[in-house]
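What follows is a set of notes on a single structure, which appears directly below.
Every number here is computed from the coordinates shown, using simple stated rules; none is lab data. All values derive from a computational prediction rather than experimental measurement. Ideal geometry is used to build each Cβ from the backbone, glycine not excepted, and the neighbour counts take in all protein chains shown.
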Ligand SMILES: Nc1ncnc2c1ncn2[C@@H]1O[C@H](COP(=O)(O)OP(=O)(O)OP(=O)(O)O)[C@@H](O)[C@H]1O
Ligand SMILES: [Mg+2]
């Protein structure tokens, strides 16, 4: 039965509530802030797991997509349109309710796009960029694809670092909260901590359900077949180019979603989010999570980012993720679950059904 | 002559200076078993790749059901009802036998990315039908016991059979088999010839590259002989066995 794939989702939901209770009991609800942030980073990892773990296409450029999502949300919700308020395009957006008036920390009146409009634009823009980049690089195999996406990541980083409207080295701060519905909002301030803890988890679990559905579908099977033997997949009628491109764009949109939401949550974004080391980190997490294992990727995505945000790795932060990646590539290039002894464990943990 | 299901016209493909396939024209009649034979490096696999769209011909045409399909990509060729097996078996090694065969249903099913992600109810029925069809084919080929085994754990002969099952799952009208008997023992080879005959009797036209002469002579209706990219003979098996050019190529000049 396909319902079987949802049991771990329910189990996770229970654990999330228990974790909240435990943190409340231990008077440590401040941990929730880093858990929430980690959850948004986990969105990138879930998307990358589809691309890399299932379809077998490496990307060292996903921090770039995360950053495009985050920066688009930040620019559109902070850039003051007041001087252009009467320009035809801005008037139109105002008439359509795509803009809002607010005061920033310094009391300046700001006319900007609404977070919803910015969010939609962030996903759309990232999807388009991924489509254009993907259309030209996704035919490349193995290392060549990794290098091409690495190049893309470097370009995004340099653009973030060099563009005045993106705040150069300082990035963009004063990003307003994202009002979703009623009092529900993506907001990093302390009074909203618990609400945002649950909100982030709901987003992650929805992403997980969509991703799980996909991998258990006809398309998921086709994506795995491309990973396993591209020529055979092609000869069976799988439009390999289209499938690889589609999953590339999909994973970029997941990353952009994480970037946009985290930017509203932290109220800022900077070029550090676009560095190659961030991309390496996401790849390392997918690898250590078991490659073609969505649950492994999600759990590792939250755990390792949480530890990193808590400063557990100190100044060795990047070193740790680099080392994880090296170890994984040497000892378990197909993911931990392909190591025979860990396989039995894997089949307990992962819910990859036989059909 | 019967109506041709597949024809090639002056097909040509070279690699650098090597003319792998040179000016090859032949017809595959509907419902027949046609064999392609020739010494190593004669261009047999290249010919298959040209038909299946894996390679694009430098000259000439491939015509299927009266329509040119020259230069079509492999997935488009597959969608028209041409299935193939490979000289070196190309299974999806870490997928189960059932999943491998279910992949054969790809062109016969529809659900895409969105339907998959949102688990649209109509995809459940499609999934069930895909699985049922795959199981039926596994049963037909006597592979039921291996249904949930990981493909790479099967013995070689079984893997061959799974690749067969996967190709049959596409419900092809033309099946391209590249050396299906390579690496099989005598017993397995006999079973294979029975199987190919059975497949032909269900109305599937077969084009078979094969080294095993007894297999070729026993099952095929017509034979094409390639040597160094050229077609050197074509005809019924009995005539091919007597053809001096073929004998020369296979046994050396002194026998001609
Ligand atoms: N991708 C390729 N690149 C370069 N040369 C190739 C390629 N594929 C085939 N060839 C060459 O083309 C010629 C025909 O090869 P092909 O594989 O079609 O022969 P074959 O008849 O299938 O042989 P065998 O019986 O060994 O399978 C050979 O000389 C081979 O080296
Ligand atoms: Mg060959």
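Some points to look at:
- Largest GNM mean-square fluctuation among A:29, A:114, A:263, using chain A with Cα springs under 10 Å: A:29.
- Counting, for every residue in B:49-59, the Cβ atoms of other protein chains within 10 Å of its Cβ and taking the mean gives 1.
- Debye intensity ratio in log₁₀ form over the Cα atoms of the protein assembly as shown, taken at each q of 0.10 Å⁻¹: -0.91
- Each semi-axis of the equivalent ellipsoid for chain B is √(5λ) with λ an eigenvalue of the Cα gyration tensor; in descending order they amount to 33, 21, 16 Å.
- Equivalent ellipsoid semi-axes - Cα gyration tensor, chain A, angstrom: 33, 25, 19
- For region A:2-354: relative contact order, % (alpha-carbon pairs under 8 angstrom, 6 or more apart): 32
- Our Cα-only numbers for region A:133-288 put the radius of gyration and Dmax at 18.5, 57 Å.
- Cα→Cβ-extended label distance, 7 Å offset, between residue A:141 and residue A:14, nm: 4.7
- Degrees, to the nearest 10: A:317-331 long Cα axis against longest axis of chain A: 20
- From most to least packed by mean Cβ count within 10 Å, the peptides A:118-125, A:77-84, A:161-168 give A:118-125, A:77-84, A:161-168.
- Between the Cα long axis of helix A:193-215 and the first principal axis of chain A there is an angle of about 40°, rounded to the nearest 10.
- Counting Cβ atoms of other protein chains within 10 Å of each residue's Cβ and taking the mean over peptide B:89-99 gives 5.
- Whole-percent pair-distance distribution, where bins are 5 Å wide, for the alpha carbons of region B:186-232: 5, 17, 29, 24, 13, 8, 3
- Extending 7 Å from Cα along the Cβ direction at residue B:132 and again at residue A:103 yields two label points whose distance is 6.8 nm.
- Here the Debye sum runs over all C-alpha atoms of region B:143-256 as equal scatterers in vacuum, and log10 of I(q)/I(0) at q = 0.22, 0.23 Å⁻¹ comes out as -1.29, -1.36.
- Taking Cα atoms only, the orientation of helix A:31-48 departs from the longest principal axis of chain A by about 60 degrees.
- Legend: mean number of C-beta atoms from other chains within 10 angstrom of residue C-beta atoms, peptide A:238-249, equals 2.
- For chain A, a Gaussian network of Cα nodes joined below 10 Å ranks A:325, A:48, A:181 by mean-square fluctuation, and the top entry is A:181.
- Gaussian network model of chain B, Cα within-10 Å springs - most flexible of B:190, B:228, B:87: B:190
- The simple spin-label model puts a point 7 Å past each Cα toward its Cβ; for residue A:272 and residue B:250 those points are separated by 7.5 nm.
- Summarising the strand pairing of chain B, around 55 percent of its internal DSSP beta bridges are antiparallel.
- With both residues required to sit in the protein assembly as shown, DSSP beta bridges show an antiparallel share near 65%.
- Cα gyration tensor, region B:15-137 - rounded (a/c under 1.5), prolate or oblate: prolate
- Relative intensity of region A:30-170 on a log10 scale, I(q)/I(0) at q = 0.10, 0.11, 0.12 Å⁻¹, equals -0.45, -0.54, -0.63, per a Debye sum over C-alpha point scatterers of equal strength in the absence of solvent.
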